[in-house]
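Participant: Before I ask anything, here is the structure I am working with.
The values are calculated or read from the model by the stated rules, or taken from the named source; none is laboratory data. Just so you know, these numbers come straight off a predicted model, no measurement behind them. Every residue, glycine as well, gets a Cβ built from its backbone with ideal geometry; the counts of neighbours run over all protein chains shown. Just the protein is used for accessible areas: all its heavy atoms, side chains included, with ligands, DNA and RNA removed. Shrake-Rupley method; radii C 1.70, N 1.55, O 1.52, S 1.80 Å.
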Amino acid sequence: MPETIRDAFTIDGEHSRDLDDAIRVTRMGAGWDVLVCIADVAGTVLDGSPDDLRAREMVATKYRASGNSPMLPRELSEDSLSLLQFRKRYVVAIEMALDASLDVTRTTLSLRRMKSAARLTYADVPSILAAEAHALHAHVTAAADLAMLLLAKRRNAGALALYDLNNGWVTTEEGAMRRLEPHEANVGYIVVQEVMVLAN
């Protein structure tokens, strides 16, 4: 078993409890090294099991003004499968090397263990970017820099990727318009969006 990943972190909403992805971005000379960790749901939820059949029927977690109806039971989605800070979890690790033109030159997929270094919220990102002494400053800065470059590249290629952070509107990965909550309207949302688009 490869060494446990210890320097990836999650970025989610302040009240999110199902933390299912973590990232790490590192500058490598003129290029970038990007790691995306996704909770290994298949290792726990067996194909054809009641939890699997329920998840297939729901398709996604349903969010309402008063709460949510999770696709998987809360003891899984918010506990044993959630990438909680300092807890070891099995993940599907997607590692990508990007060159100076932001072209992916190498991709590896593996089953790994990770121990999340931090549980960040969208609102945490600007303050970390401004604090050079913060332990995650280099990684968060690299992630923000790369995200803005990836966004520009997608737009130049014709993607309709809109971020009106002043008024709180963005386009989702599927191209639909979404209104951000006030605490989401910052660069942290763009970081998560662009790194996940890259991984997909």
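Participant: Quick one: accessible area per residue over segment 99-140, 1.4 Å probe, rounded to a whole number of Å²?
Facilitator: Accessible area per residue: 55 Å².
Participant: Of all DSSP beta bridges in the chain, what percent run antiparallel (nearest 5)?
Facilitator: 90 percent
Participant: Please turn the phi angles of segment 12-19 into ³J(HN,Hα) values with the Karplus equation 6.51 cos²θ - 1.76 cosθ + 1.60 (θ = phi - 60°), one per residue in order, whole Hz, x for glycine and proline.
Facilitator: For segment 12-19, the Karplus-derived couplings read 8, x, 4, 9, 5, 10, 9, 8 Hz, x marking Gly and Pro.
Participant: Give the ranking of 139, 134 by solvent-accessible surface, highest area first, calculated with a 1.4 Å probe.
Facilitator: On the way: 139 40, 134 75 Å².
Descending order: 134, 139.
Participant: Let me ask something else about it. Please give the solvent-accessible surface of residue 71 in Å², to the nearest 10, using a probe radius of 1.4 Å with every protein chain present.
Facilitator: 60 Å²
Participant: Please list, in chain and number order, the residues 5+ apart from residue 12 or on another chain whose amide H is under 5 Å from its amide H, with Hs placed from the backbone.
Facilitator: 120, 121, 122
Participant: How many percent of the accessible area of the chain is carbon or sulfur, using a 1.4 Å probe?
Facilitator: Of the solvent-accessible surface of the chain, carbon and sulfur hold 53 percent.
Participant: In nm, to one decimal, how far is the residue 153 label point from the residue 60 one, both placed 7 Å along Cα→Cβ?
Facilitator: Each label point lies 7 Å from its Cα, and together they span 2.5 nm.
Participant: Kindly identify segment 87-128 as rounded, prolate or oblate by the Cα gyration tensor criterion: order the square roots of the eigenvalues as a ≥ b ≥ c, call it rounded if a/c is under 1.5, otherwise compare a/b with b/c, prolate if a/b is larger, else oblate.
Facilitator: Verdict is oblate for segment 87-128.
Participant: Please calculate the 1.4 Å probe accessible area of residue 87, with all protein chains present, and give it to the nearest 10 Å².
Facilitator: Estimated to the nearest 10 Å², residue 87 gives 120 Å².
Participant: Of all chymotrypsin sites (Phe, Trp or Tyr not before Pro) in segment 39-114, which ones are in loop regions per DSSP and have a Cβ with at most 10 other Cβ atoms within 10 Å?
Facilitator: Sparse-neighbourhood loop chymotrypsin sites (Phe, Trp or Tyr not before Pro): 86.
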